[in-house]
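Input: a single structure, listed below in structure tokens.
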């Protein structure tokens, strides 16, 4: 048994003990007062005349009313302290890790140097990673020319569904605005009150460079606020032809230049350097795609290790609330106190026969 509102507070426990002692002292005073009143009344008249002369209040009834009132107060204090009893334990997973996935949804992510495509592979591996990191919170940023987001939540399935239902053809503006997406991730973390107390990580998955902003500076600002930025470089260095995809996401051919040549995507030296600088500025890792995968598995292992050793789970005792019982007792005593009469009902006087002298 424990009292939730008193646990860990010695001052509160001391006040509770003093309250019980005060209750006992008050009850003793009430009993002594009743005895003194009976003793004083005995000096005034014989005991068998007390009812006829003064019809005083019953000492027992008065004590009972006072005891009910004090008992109600005592049980109310016990209920306010929230009594609980332990009924078992459970393992609570770590909930102090916040991960924001920032995913490139430009049309170059349709390239098929990984199976089934860069964006398809990213969706599959993200869903697996989210399932591995049970207990963490996640947020999502999908971007091309403009970012779209999903706020921090402990519902990993919702994040996986957010990425799963989106396609690069759904993005309103084309391009690769990585810096803008990282800035949105930083704003999302800053707006969340709990995130300030958590370990924060941004995982950027992209296949190219940002020609519109400065993602290195955006990563540096994230790192300055205590958020680590990992970079997963999706796709290889070799030129890769781009499929032509309709509005439903189905491949209907291959994209071509105005001259009719196949349109390809490749990782330039400038883009490769920029992504390396983003990871360095964000105090994170740079992971390259390998063996037909995105390389996200490496980041997943790092985050899982962090949760296991640095933000490890803990065993929590389960308690059942039982405040209803003392609260009910207090209400019953208050009802009794209101029902009890302080004075006994006067007995009807019997006619007395006068005898002749």
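Coordinate-derived values only; no laboratory data. In this text, all values refer to a predicted model and were calculated from it rather than measured experimentally. Please note: Cβ atoms are built from the backbone with ideal geometry, for glycine as well, and neighbour counts cover all protein chains shown.
When 155, 210, 192 are sorted by how many other C-beta atoms sit within 10 angstrom of their C-beta, beginning with the fewest, the order is 155, 192, 210.
Each principal axis of segment 117-171 carries a Cα extent, and these read 32, 23, 13 Å when sorted largest first.
Here the label points at residue 33 and residue 238, each 7 Å from Cα along the C-beta direction, are separated by 9.8 nm in the simple model. With a Förster radius of 35 Å applied to the beta-carbon distance between residue 322 and residue 190, the computed FRET efficiency rounds to 0.25.
What the Kirkwood sum gives for segment 216-307 is a hydrodynamic radius of 15.5 Å, with every pair of different alpha carbons counted.
Binning all Cα-Cα separations of segment 97-312 at 5 Å, short to long from zero, yields these whole-percent fractions: 1, 7, 16, 21, 22, 16, 9, 5, 2, 1, 0, 0.
Counting neighbouring beta carbons within 10 Å and listing from fewest to most, the residues 237, 308, 180, 118 come out as 308, 237, 180, 118. Using r as the Cβ-Cβ distance of residue 197 and residue 261, and R0 as 45 Å, what FRET efficiency do you calculate, to the nearest 0.05? Calculated transfer efficiency: 0.25. Residues of segment 96-140 with backbone nitrogen within less than 19 Å of a virtual label 7 Å along the Cα-to-Cβ line of residue 251, please, listed as ranges. Those under the cut-off are 105-125. Here the spin labels are modelled as points 7 Å beyond Cα on the Cα-Cβ line, and at residue 338 and residue 170 they lie 6.0 nm apart.
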